[in-house]
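Colleague: I have a structure I would like to understand better, so I am pasting it below and will then ask my questions one at a time.
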Amino acid sequence: MIKENILTKIIVKTNFFPYALKFTALLGISVAAPFFHFQAVTGTIVNAALIIAVVILGKKEAIAIGLFPSLISIITGLLVPATVPLIPFIILSNMILILVFDILRNRGYWKGIVWGSILKFSFLYISGIILIKIFESDSLSRIIALMFSWQQLLTALTGGIVAYATLKILRKM
């Protein structure tokens, strides 16, 4: 009887199922995004899912969701093996976006999006410059330069726009 009461408190009284459903939906969206094989689409979807996760679930959950797209891309072979060393930088940049947005969103949604996007992009751009010097491989250098370029800023900002529109729609439901 005691076990049943504890489970009831956790599952029923804490709204566990709606929370788990939201987490699973956002995780599923962010994990499916790399299958588009187009950085502008994938990045926009992942960044939107991360921003929505911060607003709906919280920063810790958003960070957890942010770990999976890159890892799934490696496991499924969507990323070429040479790009594996870049994954920690992508994960860290997602964390930067999440944390900066979370800190600044109380001062304005767009302030959080713009500064989060700029700092995410800056971190990746500087990391890219350093990694290009370390690896000194023409093929990998081109991949790094493309993956860590202005597209990161663009997809973070467009992800913020998509998240804003999505959150507006969700609030009306």
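Colleague: Residues in the stretch 10-32: is at least one modelled with pLDDT of 80 or more, part of a loop (DSSP other than H, G, I, E, B) and surrounded by fewer than 14 Cβ atoms within 10 Å (Cβ to Cβ)?
Modeller: No, every residue in the stretch 10-32 fails to be modelled with pLDDT of 80 or more, part of a loop (DSSP other than H, G, I, E, B) and surrounded by fewer than 14 Cβ atoms within 10 Å (Cβ to Cβ).
Colleague: Something else now. So which residues in the stretch 23-41 are at negative phi and touching a residue at least 40 places away in the same chain (Cβ under 8 Å)? Give the derivation first.
Modeller: Of the residues in the stretch 23-41, the ones at negative phi are 23-36, 38-41.
Hits for the stretch 23-41 are PHE23, LEU27, VAL31, PRO34, PHE35, GLN39, ALA40.
Colleague: Then there is this: Find all pairs meeting these conditions: Cβ atoms under 9 angstrom apart; at least six residues apart or on different chains; first residue within the stretch 111-134 and part of a helix (DSSP H, G or I); second residue modelled with pLDDT of 95 or more and of a type in the set (Asp, Glu).
Modeller: GLY112/ASP102; GLY116/ASP102
Colleague: Hey, another quick one. So which residues in the stretch 36-56 are more than 16 Å from LEU153 (Cα to Cα) and not in a helix (DSSP H, G or I), if there are any at all?
Modeller: Listed by number, the list holds a single entry, HIS37.
Colleague: Quick check on the stretch 128-152: of everything there that is among the small types (Gly, Ala, Ser) and surrounded by 15 or more Cβ atoms within 10 Å (Cβ to Cβ), which residue is modelled with the lowest pLDDT?
Modeller: Within the stretch 128-152, the first condition is being among the small types (Gly, Ala, Ser), and the residues that meet it are 128, 137, 139, 141, 145, 149.
Next, from what is left, pick out any that are surrounded by 15 or more Cβ atoms within 10 Å (Cβ to Cβ): 128, 141, 149.
Details: GLY128: 84, SER141: 74, SER149: 84.
Looking at the filtered set, the residue picked out is SER141.
Colleague: So which residues in the stretch 72-115 are charged (D, E, K, R) and surrounded by 16 or more Cβ atoms within 10 Å (Cβ to Cβ)?
Modeller: Answer for the stretch 72-115, where residues must be charged (D, E, K, R) and surrounded by 16 or more Cβ atoms within 10 Å (Cβ to Cβ): ASP102, ARG105.
The values are calculated or read from the model by the stated rules, or taken from the named source; none is laboratory data. Worth saying up front: this structure is predicted, and the values here are computed from it rather than measured. Virtual Cβ from ideal backbone geometry, glycine too; neighbours counted across all protein chains shown.
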